[in-house]
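J.: After the structure tokens below, expect a handful of questions from me.
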Amino acid sequence: MKRFAIKDYGPASDVLIEIEAEPRLMDDTHVRVELTAFAINPYDVALRQGAMRDFRTLKFPYVLGNDGAGIVTEVGSKITHVKVGDEVIVHAVGGTYGEEVVVPGKKIVRKPVSMSWEVAAGAVTPWLTAYNLVTHLLGDTIGGTVMVQGASGAVGSLLVQFLKKQGKTVLASASKRNETLVRQLGADQFVAYDEEDAGKIFADQADSVIDATKGGRAGEAGMEIMKAGGNFVALNDLPSEQKKPGNYLSFGPSKDYSDFDALTALTELADTIHLTIAEVLPFTLASVIAGHEKLEGHPAAGKIIIKKER
Ligand SMILES: NC(=O)c1ccc[n+]([C@@H]2O[C@H](COP(=O)([O-])OP(=O)(O)OC[C@H]3O[C@@H](n4cnc5c(N)ncnc54)[C@H](OP(=O)(O)O)[C@@H]3O)[C@@H](O)[C@H]2O)c1
């Protein structure tokens, strides 16, 4: 079974390798999936670079990848919600960069027929993030007006759409080149952070601010946009100096959040949610390296997906 792994921390072309791995053992609560597509996430890039090495120990060679979609080839005896031959969406803790993955049944849902393989694989982590942040982390405290920074990104774009479905007023920022995309997603107001100061334009307007950017100086503007006493949620670092009273929260995955519930919600909204796919690359080591290298820069909006020919 072909898989793509990192043999150490370091640059993509130095440490990503192709390995031949034995099929994993199953138990009665697991499902084996032959993967058709997997996504490359900014998280994989950070993991490969060693950014998490102080608090997450990896055993090399380590197969990256949390997000995938494919066809069920084996089910444990206690699994009743999917069967062999079903097309499914998979959330794994590592291991989707390859031909096959074995995951607990509760981390898998059936893929709607109308959902492409690319979107099914690409939406997993961004959707789990958007859904759990809004539903569980903020919940009833979210308020009527929400600012999404990084609204052109995978997480940000799903946030904009999910919030609009809940009747929120959505303020959004991204770079100018992505303005049309973000407006089409339904944002009520848009500021291009590379041309104007969103902090000044939207000052004190949002009950909740979500910094879904990959970095930069979004935190400063976000604090200006948050109403005093509102919520500020960061997917990466919170602002080092909290200049306004508020509820400052870091979002992270939690065992308290059910993947099954969140992914089921995704399948129910599938026909009305848009996820931009930037590139679909063939199932090769060169593609995985190229995908990682692109994500290290500031690429065009959209997911990079590795897909097998069927
Ligand atoms: N904590 C968690 O559990 C969790 C979960 C998922 C993701 N994340 C992290 O959240 C971030 C977003 O993830 P994603 O998958 O949505 O990434 P993505 O699709 O690459 O989106 C990145 C977003 O950041 C914006 N951006 C990039 N450089 C920026 C800068 N210098 N200043 C302001 N904005 C900038 C981009 O806007 P433009 O391209 O329009 O400039 C885009 O909207 C990543 O860092 C990811 O690792 C964390």
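J.: At 0.36 nm per residue, and after removing the present C-alpha to C-alpha distance, how many nm does the segment from Thr57 to Ala286 gain when stretched out fully?
T.: My answer for the length gained is 79.9 nm.
J.: To continue, here is another question. Taking the convex hull of the Cα atoms, report for region 1-48 its projected area averaged over all directions, in nm².
T.: Its Cα hull, projected and averaged over all orientations, spans 4.4 nm².
J.: Which value, in debye to the nearest 20, describes the size of the charge dipole of region 252-310 about its Cα centre when Lys and Arg Cβ atoms bear +1, Asp and Glu Cβ atoms bear -1, and nothing else is charged?
T.: It works out to roughly 260 debye.
J.: Could you work out what % of the accessible surface of region 1-96 is carbon and sulfur, using a 1.4 angstrom probe and leaving DNA, RNA and ligands out of the count?
T.: Heavy-atom surface of region 1-96 belonging to carbon and sulfur, 1.4 Å probe: 52 percent.
J.: Taking a 22 Å limit on the Cα-Cα distance, which of the listed pairs Lys200/Lys243; Lys111/Lys307; Lys107/Lys165; Lys164/Lys227; Lys83/Lys165 fall beyond it?
T.: Lys107/Lys165; Lys83/Lys165
J.: Then there's this: Tell me the relative contact order for the chain as a rounded percent, counting alpha carbon contacts under 8 Å between residues six or more apart.
T.: Here the relative contact order equals 18 percent.
J.: Can I ask one more? Let me cross-check Val209: its accessible surface, 1.4 Å probe, with only protein heavy atoms counted, in Å² to the nearest 10?
T.: Surface open to solvent at Val209 totals about 0 Å².
J.: Once you place label points 7 Å from the Cα toward the Cβ at Asp27 and Lys214, how far apart are they in nm?
T.: Placing both labels 7 Å along Cα→Cβ, they lie 3.8 nm apart.
J.: What residue among Gly291, Gly76, Gly105 shows peak mean-square fluctuation when the chain is described by a Gaussian network model with Cα springs under 10 Å?
T.: Gly76
J.: For the chain, what value does the Rg/Rh ratio take when both radii are computed over Cα atoms and Rh is the Kirkwood radius, given to two decimals?
T.: Ratio of gyration radius to Kirkwood radius for the chain: 0.97.
J.: Give me the mean projected area, in nm² to one decimal, of the convex hull enclosing the Cα positions of region 137-185.
T.: Averaging across all directions leaves 3.2 nm² for the Cα convex hull.
J.: Could you tell me which of rounded, prolate or oblate describes region 240-310, using a ≥ b ≥ c as the square roots of the eigenvalues of the alpha-carbon gyration tensor, with rounded for a/c under 1.5 and, failing that, prolate when a/b is larger than b/c and oblate otherwise?
T.: Because a/c hits 1.5 or more and a/b fails to exceed b/c, region 240-310 counts as oblate.
J.: Let's test this: bin the Cα-Cα distances of region 126-250 at 10 Å from zero up to the farthest pair and state each bin's percent.
T.: With a bin width of 10 Å, the distribution comes to 15, 54, 30, 1.
J.: Test of the criteria: in region 110-207, which GluC sites (Glu not before Pro) are in a DSSP loop and have at most 15 other Cβ atoms within 10 angstrom of their Cβ?
T.: Glu195, Glu196
J.: Tell me the carbon and sulfur percent of the accessible area for region 97-256, rounded to whole percent, probe radius 1.4 Å.
T.: Using a 1.4 Å probe with all protein chains present, region 97-256 comes out at 46 percent carbon and sulfur.
J.: Shifting gears a bit: Given an 8 Å cut-off on Cα distances and at least 6 residues of separation, report the relative contact order of region 198-310 as a percent.
T.: Relative contact order comes out at 18 percent.
J.: Round to the nearest 10 and report in Å² the accessible area of Lys83, as given by a 1.4 Å probe over the protein chains' heavy atoms.
T.: So the heavy atoms of Lys83 present about 120 Å² to solvent.
J.: FRET efficiency for Met1 and Tyr248, Cβ-Cβ distance as r, R0 = 51 Å, nearest 0.05?
T.: Computed FRET efficiency for Met1 and Tyr248: 0.70.
J.: Name the shape class, rounded, prolate or oblate, that the alpha-carbon gyration tensor gives for region 87-131, where a ≥ b ≥ c are the square roots of its eigenvalues, rounded holds for a/c under 1.5, and otherwise prolate holds if a/b is larger than b/c and oblate otherwise.
T.: rounded
J.: Over the chain, what is the percentage of antiparallel beta bridges among all DSSP beta bridges, to the nearest 5?
T.: 55
The values are calculated or read from the model by the stated rules, or taken from the named source; none is laboratory data. If you're wondering where the values come from, they're calculated on a predicted model, not measured in any experiment. No Cβ is skipped: glycine too gets one built from the backbone with ideal geometry, and neighbour counts run over all protein chains shown. Heavy atoms of the whole protein, side chains included, go into the accessibility calculation; ligands, DNA and RNA do not. Shrake-Rupley method; radii C 1.70, N 1.55, O 1.52, S 1.80 Å.
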